[in-house]
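Participant: Next up is a structure, given as structure tokens.
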Amino acid sequence: MAMPRAMLFILLLSLLCAIANVLTEILILTPLEVLRSLHLPAVVLWGVLFLLLAWLMGD
């Protein structure tokens, strides 16, 4: 018996959410935890994040 389209859609959507969750953990949350573990002042962390974003945007 074939799987109904709605069930297939929900399955694919759940898979995409799981992939997005893992990528968020690896690419964003882990580097932020490393920065927090250095016990730098918050101003320094915001400055690093601002410079990183400016570099990524090409300025």
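Participant: 7 Å from Cα along Cα→Cβ at both V43 and M57: what's the point-to-point distance in nm?
Facilitator: Placing both labels 7 Å along Cα→Cβ, they lie 2.2 nm apart.
Participant: Between [x] 4.4; [y] 6.3; [z] 4.9, which matches mean projected area of the Cα convex hull in nm² calculated for the structure shown?
Facilitator: Checking each listed value against the structure points to [y].
Participant: Report the label-to-label distance for R5 and L29 in nanometres (one decimal), using points 7 Å from each Cα along the Cα→Cβ vector.
Facilitator: With each label point 7 Å from Cα toward Cβ, the separation is 3.5 nm.
Participant: Follow-up question, since we're still on this one. Of all accessible surface on the chain at a 1.4 Å probe, what whole percent is carbon and sulfur?
Facilitator: Roughly 79 percent, rounded to a whole number.
Participant: For n ≥ 4 DSSP H runs only, could you compute -39500 (n - 2.57) per run for the chain, divide by its residues and tell me the 222 nm figure to the nearest 500?
Facilitator: -24500 deg cm²/dmol
The values are calculated or read from the model by the stated rules, or taken from the named source; none is laboratory data. Source: prediction; values computed, not measured. Every residue, glycine among them, receives a Cβ derived from its backbone with ideal geometry; neighbour counts consider all protein chains shown. With ligands, DNA and RNA removed, areas are computed over all heavy atoms of the protein, side chains included. Shrake-Rupley method; radii C 1.70, N 1.55, O 1.52, S 1.80 Å.
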